[in-house]
Amino acid sequence: PGRFQPFGPHHKKVYDSLSKQFDKVYITTSAIQQMPRHPLSFQEKRKHMMKMGIPSNRIVQEKSPYVAINAVKKLSKDTAIVYAVGQKDKQRIPSGGLTYFQDLKKNIKNLKGHEEHGYVFIAPHQKVSGISSGTEIRKLLGSPKFDKDKREKIFKKTFGYFDKSTYETMTSRFGKLFEFYQQPQVKKILKEASGFGNHFNASIMSDEGM
């Protein structure tokens, strides 16, 4: 589950790793499209993921990525479902006790069907060469500091493909994101917010969560 703005090579590596450990792996993401956190629509995200090698039937639209209603519709009642998240996103799915979500490792020998429980698995961090974070990828796609030819070459190296229409869509969307943050009023708000402690110090641009 995630917002995947955009889906990167580190996400693909996690998907490939999970595919070796579980019967079926699905990517769940929402259709929210709203600046500044959600520049890409679901269809745009889906097209990009498919270009990177994700099967179309494994990309599922959900109102909330962490509530996989559509992804489990065709599953039998005794099928167990696992939500794979990174270590830093673990707090997004409280688990244990009497809650719906339970820790996968603690319950691996006594799994229940998805109507009774969902399980949380901490996906190991996957290292990739070159650009490997959402923040760096967004800069690649939208920063006006990049030379066009250089941007195209790094795009292909980063994502493993080059499709002109997808490239133009993504650079246009994320270019507007950088325009948004250059607006005087927005810059003033961010500057003021940075003075309220560590919670505000990290830029919204670097947020990998929902």
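Give me the percent of accessible area attributable to carbon and sulfur for the chain, probe 1.4 angstrom.
On the way: 6730 of 12730 Å².
Summing carbon and sulfur atoms, their accessible area is 53 percent of the total for the chain.
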Computed over the chain: relative contact order in percent, which uses C-alpha pairs under 8 Å that are six or more apart: 24
Heavy-atom accessible area per residue - the stretch 25-175, 1.4 Å, Å²: 59
Calculated over the stretch 16-85: convex hull of Cα atoms, volume per residue (Å³): 102
Neighbour count of at most 16 Cβ within 10 Å plus DSSP loop: longest GluC sites (Glu not before Pro)-free window in the chain: 1-114
Set Lys20/Lys106; Lys51/Lys90; Lys47/Lys106; Lys88/Lys139 screened for pairs whose C-alpha atoms are more than 27 Å apart: Lys51/Lys90; Lys47/Lys106
21 Å Cα-Cα reach of Lys74 towards lysines, excluding residues that sit fewer than 8 places from it in its own chain: Lys24, Lys63, Lys112
Candidates Gln21, Gln43, Gln33: whichever shows maximal mean-square fluctuation once the chain is modelled as a Gaussian network with Cα springs under 10 Å: Gln21
Mean residue ellipticity (222 nm) of the chain, computed from DSSP H runs ≥ 4 via -39,500 (n - 2.57), nearest 500: -11000 deg cm²/dmol
Theoretical gain in end-to-end length, Glu168 to Ser129 [0.36 nm per residue, Cα-Cα removed]: 11.7 nm
The chain: antiparallel DSSP beta bridges as a percent of all, rounded to 5: 10
Gyration tensor over alpha-carbon atoms, the chain, equivalent ellipsoid semi-axes in Å: 32, 21, 15
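The values are calculated or read from the model by the stated rules, or taken from the named source; none is laboratory data. All values reported here derive from a predicted model rather than from experimental measurement. Note that each Cβ is placed from the backbone with ideal geometry, even for glycine, and that neighbours are counted across all protein chains shown. With ligands, DNA and RNA removed, areas are computed over all heavy atoms of the protein, side chains included. Shrake-Rupley method; radii C 1.70, N 1.55, O 1.52, S 1.80 Å.
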